[in-house]
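Below: the structure, in structure tokens.
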């Protein structure tokens, strides 16, 4: 069989794998990056929730605001923005962090994550002493 006849019988699909890879590879890379950023965001959100709960627990036990901030930073990281409020029986802690994408296609994109927690002060800390 001549060479040209054999090529036409096979459909002459030489190089199609390279073309398909060139089309699919960027999509796969972007999907992997999105999955990694989602994982980092979820992990950071869990840490923020824990930091807010820990700080609220400290305040409910009667510790001062500086101790609560220290607990929140130890759990959630140094780059947290922490807001403490509360009056009467309840204390509230809000923590916030901004995540920014590293270099790459999403470079410059940022997300602000936040979490809050409330806790009731211990009964012996209340002025009336009643639960």
task: Just subtract the alpha-carbon distance of residue 20 and residue 73 from 0.36 nm times their residue separation and send over the number in nm, one decimal.
output: 14.2 nm
statement: The relative contact order of segment 18-125, taking Cα pairs under 8 Å that sit 6 or more residues apart, comes to a percentage of 26 percent
task: Do me a favour and compute the ellipsoid semi-axes for segment 22-96 from its Cα gyration tensor, root of five times each eigenvalue, largest one first, whole Å.
output: 38, 10, 8
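Read-outs: derived from the displayed coordinates by stated rules, not from any lab. Just so we're clear, the structure is a prediction, and the values are computed from it rather than from any experiment.
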